[in-house]
1. Where does each of K879, K490 land when they are ordered by accessible area, with a 1.4 Å probe and the largest first?
2. Quick one: pull the percent of accessible area on region 880-987 belonging to carbon and sulfur, 1.4 Å probe, ligands and nucleic acids left out.
3. Determine which residues of region 526-569 fall in the zone a paramagnetic label at A609 would reach in this model, i.e. backbone nitrogen under 16 Å from the point 7 Å along Cα→Cβ.
4. Show me the ranking of peptides 366-378, 454-466, 543-555 by mean Cβ neighbours inside 10 Å, starting with the highest.
5. Would you mind getting me the FRET efficiency between V98 and D449? Use the beta-carbon distance for r and R0 = 56 Å, nearest 0.05.
6. Accessible area, 1.4 Å probe, largest first: how do Y573, Y94 sort?
7. I need the GluC sites (Glu not before Pro) found in region 1000-1103, filtered to DSSP loop residues with at most 11 other beta carbons within 10 Å of theirs.
8. Within 11 Å, Cβ to Cβ, of P159, how many net charges do the neighbouring residues add up to if Lys/Arg are +1 and Asp/Glu are -1?
Amino acid sequence: MSASSAFNEEKVGSSSVGEAEYAYDPVSGKIFSSDYNRHDDLKEMLDSNKDSLKLEAMKRIVAMIARGKNASDLFPAVVKNVACKNIEVKKLVYVYLVRYAEEQQDLALLSISTFQRGLKDPNQLIRASALRVLSSIRVTIIVPIMMLAIKEAASDMSPYVRKTAAHAIPKLYSLDPEQKDQLIEVIEKLLADKTTLVAGSVVMAFEEVCPERIDLIHKNYRKLCNLLIDVEEWGQVVIINMLTRYARTQFLNPNLNESLLEEGGGADKTFYGSDEDEDDVEKENENKAEAAALAKRKPYVMDPDHRLLLRNTKPLLQSRNAAVVMAVAQLYFHLAPKAEVGVIAKALVRLLRSHSEVQFVVLQNVATMTIKRRGMFEPYLKSFYIRSTDPTQIKILKLEVLTNLANETNISTILREFQTYIKSMDKDFVAATIQAIGRCATNISEVRDTCLNGLVQLLSNRDDLVVAESVVVIKKLLQMQPEKHSDIIKHMAKLTDNIQVPMARASILWLIGEYCEHVPKIAPDVLRKMAKSFTSEEDIVKLQILNLAAKLYLTNSKQTKLLTQYVLNLAKYDQNYDIRDRARFIRQLIVPTEKSGALSKYAKKLFLALKPAPVLESPFKDRDHFQLGSLSHLLNAKAGSYQELPDWPEAAPDPSVRNVEVPEWTKCSSREKRKEKKVEKPFYSDSEGESGPTESADSETASASSSESDTDSEQSRSSSGSEESDEGSESEEEKEEKNKKKVLKKPVKESESEQSSEEENRKPEKKIKQQKSDSESESDDEEESDSESSRLGSEDSQSEAEVKKRKKAAESKPHSKPVKKEKKEMSLLDLDDFEPAPSPQVTTVTTLLSNSLVTDLDGLSLSDPVLAPSTIIPSGALKSFELLHRITGEGLSVEYCFSRQPFSPDANMVAVQLKFINNSTSATKNLHMEDVKLQSGMRVKEFPEIELLPAAEKASVVMGIDFCDSTQAANFQLCTSTRKFFVSIQPPVGELMRPVFLTENEFKKEQGQLMGMNELTEKLTLDAKCRNEHMIVQRVTTAAHLSRVPCGSDNECRFAGRTVTSSSLVLVTVATREEGAAQVTVNCEKMVIGTMLVKDILLALTQ
């Protein structure tokens, strides 16, 4: 049966029983007719034995629900099919049950055993749907069953089911709040989940059930920050709002010193105040001095976790979802240093191109922001100009923003806009524009007269509303300088005959009465006219007529005595009791009698007291105590379940609560173990074996281990500064010795920072050196492994003649086993110059170079002055990371490093060198990679299989990874013939780039094109050991693979590079100042890379 025939049958169903249909509601069905036979066809199809008919029936039922029709009478027929074996039917049945389980609770309870069986279904969608239906049955008797189901689902293998469990938690909590303690345990378990699908849902459950338990967030804070970019948009909003409140309780106010400096006489006060007294100037100066002294005593240092939150949320400003952008904007407004808040302005302005509903919310928040942070929106002034198609509410909000942004420089432009707006046909908008002109005149004294004259011209407008609003605003402006504007008061007095709007008439009468001494001839005549029309005026006008009569009686009683008595008599019998009371009060006060009290003596002072000028303030001035982007902020009233934004703590809580414990097996790599490793088999050259690898081992081993996630590695890198500084405390003499050795050992690598042409010339030599070293290590392999460390020490003192002999011997010696070749590369003198190859087998020299070129290169001395580079890449730049620990790998340990050499098979890949060490007593066979799991866009060039790695032997191979300009980890399985190990390689951001050679002029030109959001600047205080140019260059090139750019200034160091994948330019400038102060500027097309690079360089220069 077709859908159309079913619809027609449904509509005329009552005709079959002979009853007329008197009314038909397309939403709720027939109201007055019998409907016991409705949906009979669907019920028959649901009772059929054919799955195809059931599926068709369920599709039609779900379609009915989607159209808003009531299908609850089908519940018994549908719920029977919950046990159907067809997966598609079962999914649709659960969709129906989720909708109606709460309404038909009794029938749903009958099928609860079926739902429980569904929780064990092999299909994750069925398990999730069963839990969703179970949590929709709002009956307290099944609370224990729901709790058990949620606990089981929280441990489910499928993240989708765990996400559904998180959604069920608030439902159960609202049904039975006494289950809170058990639910908190489930929330704590789900918060530790590392999948992005679960993160947003569990944070929402946390916010609903136990938002006060911030201790649950401590251990998961860094993970949530790092997962944020990959969470769905709904989850991003929830997590950002929660982290905003968390950060307000755990970090110090980054603007504390600035707020102290502004205290007492801030810009906001002068902006809204008109003619404030300046009696407290001395007090303000004292406050400023105290604040400055406080700032000197306690310089603010941002917590790394605070910086992590700001850095990871910044890319979300480019989200296509307006709610996400708004959430990040409010986070920056509430948490970021004042200098960094400006980045949100461009993103918010972009949202103004969206729907009017989005514009309304965004403009509400922008209006609040412009009161305290006016400067960040000034460049986008034209974006707030009003279009004729804008709704009235949007127009008024844009007016508010324009008024807040008005200052001496742009007021002329804004006033020209306002002149155009006054001609609009929208009267409410015109009235708001006139009020905005009045606020501009109040706040900016230079244009007060201009605005006043413009408003006076509006008094001749044909529209009563425009004239009335102008009168009200002029009245407020005249209070500031009434003696200068008696002509305007006279002009307004003449308007009393024409203006009929009560508020405008009342304002004119108040002005004439208040400044009657300035218009002594006109005021009595106005009172005479008003007395005539007193009985027909509105109440607000009558009250001002009484005030005018009293003031004139006190200042000019000869002319106005009789008029005043006449008006008071009229008021005495008025219908409004307020007017009668006012008349009685005024009569006793100004007309003294024997019964009059002492107050009558002070009548003149009471009526003609000097009144302060009104301060025209923005209605958004005090809204910032609500969290931006919240419903409470939108309504300017506290909404239900709103959580207050906490105040900043006076002292920073302990940051160690966010540290995540390292698993026991990784703790084996202690300092003592590393020292032994350092003495026995150094990874790079022996000079690095003395101190270089130790620095990296302490800080980086845990960060790239196979057991830890991306977030854990981020945490360890950010918190390892103290360890690096402990072990990196070497004397300057040792570092100079290292550099000298390095110049001898790595001429080709170091010369990369000179010129690209020299780099091309030295590539052949690099390959020859590698082969020399291969043969050298092959002969060395015949010696005992115990004497290896002493042998390496003696190699440093070998003469150049011996080196040349070894070169020739290496060329003539054949290469035998591939395993030997793996091992050779590890014990080289010159490992830093390693040329990455697609396979562990080394290509012979003759395949790469002509014999004559080999001979020419053979004659080169390693100490040739031409090879001495101008920019030294320090030996510590190449850090080793642990990929597989020997305990986890059952005797097999693997380390990796980024060799900073081009990967010859693919220039867009980063060369990663792997070092395998077999610490077991038996040989390891068939070492290879499997099951590579990469983020979108990433690629891997696998290393060739190592057939055999004997006991106590080591081998080295090279693989290539295209990280796609991101620090996402490359995950894969490292396999032997018997075991598989899950490992991951995550690059520091500095290894995602390659050096590029620019002149000073080229650098400045490129830097000029990468301004605005592509430029990041951070101020810092240099470490005591890092205040000379040599150390700055060494540390920056250690942190990032960049080349030095020539610079004419002694106070600047410049570096340049390009990202490996997209060739996006990266420019770094370190400008030094007095007393160790410095500023790091990074210009990069990719903002995320630029942000992460700034952080790494700051760590390198300050620790």
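The values are calculated or read from the model by the stated rules, or taken from the named source; none is laboratory data. This structure is a prediction, so every number in the text was calculated from the model and none was measured. Cβ: placed from backbone, ideal geometry, glycine included. Neighbour counts: every protein chain shown. Only protein heavy atoms, including side chains, enter the accessible area calculation; ligands, DNA and RNA are left aside. Shrake-Rupley method; radii C 1.70, N 1.55, O 1.52, S 1.80 Å.
1. Descending order: K490, K879.
2. Here carbon and sulfur together make up 46 percent of the probe-accessible area.
3. 551
4. 543-555, 366-378, 454-466
5. After rounding to 0.05, the efficiency reads 0.25.
6. Y573, Y94
7. none
8. Cβ neighbours under 11 Å give a net charge of +1.
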